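Structure first, commentary second.
What follows draws every value from the coordinates through simple rules; no lab data is involved. These figures come from a predicted structure and were not determined experimentally. Neighbour counts run over all protein chains shown; Cβ positions are idealised from the backbone, glycine included.
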Amino acid sequence: MDKSNHVVLVYCLTQLGFMFFFYPGNIISSATEGHWIPIVFGMLVNILVVWAYMKGLSYFPKQDIISIYLSVGKWAAFVFLCPLVIFLLLVNIITVRGFSEVISLVFLENTPVWAISGLFISISTYMAMNGIGAIFRTGVLLAFLFLPLILFTFIISFQNVDFHYVFPILTKNFSFLWKPGYLHSFSAFAGSFLFLGFITPYFTYSRSKMMLALAALVPFFILSVYLPILTFGQATASTFNFPFVVLVSTIHINWLMFDRVTMFLLLSLITFSMLFISLLLWEVSRILKRAMPKAKPNYLMLIVSTLIFAACMSISSWEGVQMLFNWNISFRFFTLFAIPFSILIIGLRSGRRQKDESR
Amino acid sequence: MKVGKSMLALSLVVALCGCWDNTDINHRVLPVVMGVSKKDSEYKIFLQIPEPIQNRTLIKIVTGSGSTINHAVDKISANLEDHVDLLHVKLILLDKKYAQSGVDDSIADFMRGRDVSPKTLVSICDEDMEQFFIKVKTKMEPKGTTLYDFFEKNAGWNPQIALTRVWEVYRSIHSYTRDVAIPVIHSGTSTVVQHEGSGVIKNGKMVAQIDSDETLLFNAFNGESTQGKIEVMDHASVLITSNSIRHKGTMLDGKPYLKSKIKLKVVIQETKGHPTSDEIKKEIEVMLKTRFDQMFVKLQASGADILGTGQYFRNIIPRTQLKDWRTKYYPKLKLDFQVQATIENTGFTNLQ
Amino acid sequence: MESYMKEIERRLGGNDDFFILPDHMGGIPYVMMGFVTLIDLTRTKIALRKNRESLSETISDLTELMAVFGDIREFDLEETVTMIMGGKLILLFGGQRRYVVVDPIPIELSRAVESPTNENVLQGSMSSFNEDIDTNIGIVRKQSISKHVRVKTFLTGSEQLKKISLLYDNCHVEPDLVDKIIKQIESSSDNDINNLQNLSKTMGFSSWSIIPKFYTTELPQEAANALKKGKVILFVDRLPFALILPNLLWDMFSLDNDRNFPLPIMYAIRILRVIGVLTTLLAPGLYVALVAVNPEVLRIELALTIAQSREGVPYPAIVEIIFMLIILELIIEASTRLPKSIGPTITMVGGIILGQAVVTARLVSNLLIIVLAATTIANSTVVGFQNSLSIRLFKYLLVILCSIYGVLGLLAGLVILSAYLASINTFGISYLNFNMKKGETENG
């Protein structure tokens, strides 16, 4: 059944939810001028990867990546899916823990982190347990409720912009490629697109629409970095952990009855990230379900989310989150490159074989 | 469904045991103005707290001192019956002496914590702070937010008041090319406060002061609207109805050269004698230019680039050298300031 | 025959309204049985006689005569008793092992078709459904004159027999949906259906669902529109409304009668309803969040005013709002219980006296009263009383979350709500669908 709009929407929401928090800080810390080059480079990599992934998947209609790997052999499934599960779990832990930290930083300073993470995890688990169809529909509802709000605040965040900070536009310095910050910035892409390979048994989607969505996201990525830079300047923006969050808190609106409206922007973005977490949880449970066919998926999900919660609690500080980020680098690049391209290669091979057979 | 029920039970447990940030608004003390002064490495904090009672608002000034600002606030909070919440502080008043010795630490702290919003206005008090608050308190009794309203754009703000927020001060500390001006006030004789001009802040230190007329030019230079300001000259007084400015930066023989052209639209209000409109136009242009040039000499001497002139060279000077803007380029900057006035109308009567 | 009669008498004889009346016609004796409370006996007798007389005199065969009166059936005690309970007249003839079931002239026990009492219609058709299932089906047939409308009737129940009718438009409905529903009803035809909870169980719905699975309406126009959209209508005898399956989210905001207005006005009205629902859900939560947890979101002027109006309120905002919300619910509940003539009194006592006094006594803040008033008014903009009930319940979830997490709790509550709504489906059709296209099958 064609659900292109749902798929595209959910993809965009998960990207939006993630990009405004960690991404700007990562990019700003990795380049001092001409930030659009690293952003566009990253986006190109992302587009290429997603294209390869979708192309590869298109050779296997109605099959998810688990069955694709299993069709190659048990070893393939093991080699590719094990790191994937670890990656998904790590991303989940980092997201939950990181966002709880942001929340307690911005809104609730006395509320213990476990309470916030608990809320996060339980809502996401609930969403995930309702199944992928429900996750998609939730995404649509959330988009209806919060997208207008986000667009509104997004527009007014141009309030304090000084366009002279755009300069210098060009740079010959490509050292950003090796900066840890830049490597971390890929966490904004990795993870979001994976669900495309899990939903194939249930829905179909048009690849061109997906590519359009990717292109439509480019300006958002660029703005998420450039808005803080245009407001504060590179030198100041690089002193913030979350440049966009600070930017949002500098916006002053005279005519609204609320003072820190921008808080609503952050919170709506956070609801999108809940969607993201629930998607990841669902993916993990799909894989685990295949590994343990007898277990009930809902119980698996509960166990996984309890594990994530426990892991979040064992991280005591922001340093710990940073450390997880570093550990995750190898897994991140593995899922970012190895999985899509391996699917593409398997797909091309099977395509050729089918052609041979049909001859 | 079983899972759903157990989750419901879990959330109930959470609900029963935790309302960590739950303090009712009437049990919070919401200071509107915070005064900061520093004597011998000890901070003294003044909080102006509006206290709503029945149908009117009383104003309470509380003070506390400590080795850090938070320490001082904490002490005040311990002594007050309610919890002090800096979330609503709208104006931070810095002691002039403290501002001259450098406020970058405090500003960085304000940016770090969530309590004080980065949008909070900053201003300098040119008076002993204790005296200031005592005088101010007696004058603004019926309304709690007077001091803040003085700066509020849709209330008491005037184009000759610089409007600077905490994040802008913070930006100036880190930015290579941009400093800020902070309004300087002291208590007034007939009004609550009196505006004295602006303090020029360079890297968190107050290095010079400009008067309110110069602040107007500063605002105009930065593209702020100066609408409504009345300029008095020898032969006439005019009302500025709109202004726009264009800048162009170039390098001449390795020296920065900035050409700024400001266009003013004015309405004639009063005349003395019988000037022609051309005379009035000339007069405005000459007067503003001399005033600006004087100010710029002063600023250049102080080394603070509150006009943000360096911004216009961002596309010319590479970033590695831009770092030295304030020391290497700014002193050599030549600024060609041109005023072009248009007399929009002369009111209901003709100029004879 | 005698023993059979005795047996029936033994079963039903405890009722004083049960009659056994010997009679004869044209020399043939017989016994009539039935309930005087259900059968207009005199008129039925006259009708029987007329029936006999209109025929030729020459009927001598008993069987032929019996066939004139009604259905001839073999003796079956259970069936006979059921027939009598269902208001039929039974004729027993001597020496026969068969009896006749006569459709008598019943005593009029249903009200006439009236204007709706639970829903208001502006500029629309004013007739509404009533208790009699046949009348209801008739009304629908009249409203939607289409050769595609199909009616299927089932009898369910073990203790009490209930007639259920299923209506659908053959041309618009998904055949799959009808099949599923028919199968479901047939598989659980033993269940007694006296109320909607019973019916939900019969239909295999979870009884803990907060959102009603049926969209109940009194308005034939709505029902006919539902048929056209490919939905299915269920009528239960003695329930004076149509149960439309499936209930969709958008039904909360749209009424077919809106289409009697110009298009821009229709959209304006529907947007208004959406705003109403959002206000009901958000306003109380927002109050708690802003007053107790995140006051920095309020402007300072507003913050001071609220602080002033809350001065002296002896409990936290969450207790304050729950206390007042419950009082409001009590008022609503009380005014539904009371006769219409006393209703206004409650409104006055509740609204004016209580509202004013509670503020003057400094038990709650002024702002809260405004928030509550807005909430209650907004709550009534929803289409369908059942929907307004579920929304009333959901707002408590948000209030509680808000008291813990502030504005975050508000949005988290909305996410939970969205997830909940997204998880509901009726026979595979998601609650969030806009049209009746089949939703995807669920997967874990």
Comparing C:F205, C:F434, C:F19 in a Gaussian network model of chain C (Cα, 10 Å), the one with the largest mean-square fluctuation is C:F19
What percentages, rounded to whole numbers, describe P(r) for region A:185-289 computed over all alpha carbon pairs with 5 Å bin width beginning at zero? 2, 9, 13, 18, 18, 14, 11, 8, 5, 2, 0
Using alpha carbons only, how many angstrom separate the centre of region A:190-256 from the centre of region C:299-371? 44 Å
Can you list the HN-Hα couplings for region B:280-288, worked out from phi with the Karplus curve (6.51, -1.76, 1.60; θ = phi - 60°), rounded to whole Hz and with x for Gly and Pro? 4, 4, 4, 4, 4, 4, 5, 4, 5
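Over chain B, calculate the relative contact order: mean separation of alpha carbon pairs under 8 Å at least 6 apart, over the residue count, as a percent.
Working: 697 pairs, mean separation 45.3, N = 352.
Rounded, it is 13 percent for chain B.
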Nearest 5 is fine: what % of DSSP beta bridges in the protein assembly as shown come out antiparallel, could you say? 80 percent
Most mobile of C:K213, C:K142, C:K395 per a Gaussian network model of chain C (Cα springs, under 10 Å)? C:K142
For region C:240-246, what does the Karplus curve 6.51 cos²θ - 1.76 cosθ + 1.60, with θ = phi - 60°, yield as ³J(HN,Hα) per residue in whole Hz, taken in order and with x for Gly and Pro? x, 8, 8, 9, 9, 10, x
Computed on Cα atoms only, the convex hull of chain C has an orientation-averaged projected area in nm² of 28.9 nm²
What is region C:242-358 by shape, rounded, prolate or oblate, if you read a ≥ b ≥ c off the alpha carbon gyration tensor as root eigenvalues and call it rounded for a/c under 1.5, prolate for a/b larger than b/c, and oblate otherwise? oblate
State the three equivalent ellipsoid semi-axes of region B:18-162, derived from the C-alpha gyration tensor as the square roots of 5 times its eigenvalues, in descending order and whole Å. 22, 20, 16
Extent along principal axes [Cα atoms of region B:215-270; Å; largest to smallest]: 46, 23, 18
Run down the lysines and flag those whose C-alpha is under 26 Å from the C-alpha of C:K229, throwing out any fewer than 8 positions away in its chain. A:K3, C:K142, C:K147, C:K152, C:K163, C:K180, C:K183, C:K201, C:K213, C:K437, C:K438
Cα lying deepest toward the dipole's positive end in region B:28-210, options B:V73, B:L86, B:V207, charges on Cβ: B:V207
How long, wide and thick is region A:13-146, going by the Cα atoms along their three principal axes, in whole angstroms, largest first? 52, 43, 33
Would you work out the charge dipole size for chain C about its Cα centre, treating the Cβ of every Lys and Arg as +1 and the Cβ of every Asp and Glu as -1, and quote it to the nearest 20 debye? 1040 debye
If you take the charge dipole of region A:4-358 about its Cα centre, with +1 on Lys and Arg Cβ and -1 on Asp and Glu Cβ, which of A:M313, A:L9, A:P38 is farthest toward its positive end? A:L9
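If I take every Cα pair under 8 Å that is 6 or more residues apart in chain C, average their sequence separation and divide by the length, what percent do I get for the relative contact order?
Numbers: 634 pairs, mean separation 57.2, N = 444.
Value for chain C: 13 percent.
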All-pairs alpha carbon distance profile, region A:55-103, 5 Å steps from 0, percent: 5, 19, 17, 17, 14, 10, 9, 7, 2
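Find the percent of Cα-Cα distances in region B:230-352 that exceed 22 Å, and round it to a whole number.
Details: 3383 of 7503 pairs.
Percent of Cα pairs beyond 22 Å in region B:230-352: 45.
Using square roots of five times the C-alpha gyration tensor eigenvalues, list the equivalent-ellipsoid semi-axes of region C:332-400 in whole Å, biggest first.
Numbers: eigenvalues 93, 76, 17 Å².
Sorted largest first and rounded, they come to 22, 20, 9 Å.
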Non-local amide H neighbours of A:D259 (under 5 Å, H modeled in plane, Pro and chain starts lacking H): which ones? C:L298, C:R299
Cα pairs beyond 22 Å in region C:2-102, in percent, come to 25 percent
Once the dipole of chain A is set up from charges on Cβ (+1 Lys and Arg, -1 Asp and Glu), the residue from the list A:F244, A:S67, A:F167 lying farthest towards its positive end is A:S67
From the P(r) of region B:57-123, can you give the percent of Cα pairs sitting at distances over 17 Å? 47 percent
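How would C:R97, A:R260, A:R137 line up from fewest to most surrounding beta-carbon atoms within 10 angstrom?
Values: C:R97 9, A:R260 23, A:R137 28.
Starting with the residue having the fewest Cβ neighbours, the order is C:R97, A:R260, A:R137.
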Using a Förster radius of 51 Å, what is the FRET efficiency between C:S341 and A:M257 based on their Cβ-Cβ separation? Nearest 0.05, please. 0.75
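Once you charge only the Cβ atoms, +1 for Lys and Arg and -1 for Asp and Glu, what is the size of the charge dipole of the protein assembly as shown about its Cα centre, to the nearest 20 debye? List each step's numbers first, then the result.
Details: 108 positive and 97 negative charges, 756 e Å.
Charge dipole, the protein assembly as shown, about its Cα centre: 3640 debye, nearest 20.
Checking the table B:K97/B:K205; C:K6/C:K88; B:K137/B:K205 against a 20 Å threshold on Cα-Cα, which pairs fail? Let's see the in-between values first.
Values: B:K97/B:K205 10 Å; C:K6/C:K88 18 Å; B:K137/B:K205 28 Å.
Going by Cα-Cα distance, B:K137/B:K205 fall outside the 20 Å limit.
How long are the three semi-axes of the equivalent ellipsoid of region C:90-206, in whole Å, if each is the root of 5 times an eigenvalue of the C-alpha gyration tensor, listed from largest down? Working shown, then result.
Values: eigenvalues 171, 105, 56 Å².
Its equivalent ellipsoid spans semi-axes of 29, 23, 17 Å.
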Run the reach check for B:K229 against lysines, Cα to Cα strictly under 21 Å, same-chain hits fewer than 8 apart removed. What comes back? B:K153, B:K261, B:K263, B:K265, B:K272, B:K281, B:K282, B:K289
Over the Cα atoms of region A:4-358, what Rg and Dmax result, in angstrom? 20.3, 71
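What number in nm² do you get for chain B if you take the convex hull of its Cα atoms and divide its surface by four?
Values: hull surface 105.6 nm².
Averaging across all directions leaves 26.4 nm² for the Cα convex hull.
Quick one: which of B:K139/B:K298; A:K55/A:K296; B:K44/B:K135; B:K96/B:K259 span more than 27 angstrom between C-alpha atoms?
Numbers: B:K139/B:K298 35 Å; A:K55/A:K296 32 Å; B:K44/B:K135 18 Å; B:K96/B:K259 34 Å.
With Cα atoms farther than 27 Å apart: B:K139/B:K298; A:K55/A:K296; B:K96/B:K259.
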When the C-alpha atoms of the protein assembly as shown are aligned to their principal axes, what extent does each axis show, in angstrom, from largest down? 134, 85, 64
Other chains near B:47-53: what is the mean number of their Cβ atoms within 10 Å of each residue's Cβ? 3
State to the nearest 20 debye the size of the charge dipole of chain B about its Cα centre, where the only charges are +1 on K and R beta carbons and -1 on D and E beta carbons. 1260 debye
For chain A, longest principal axis from Cα atoms; helix A:113-129 axis from its Cα atoms; angle between them, nearest 10 degrees, is 40 degrees
What are the lysines whose alpha-carbon lies under 19 Å from the alpha-carbon of A:K289, with same-chain residues fewer than 8 places away excluded? A:K62, A:K74
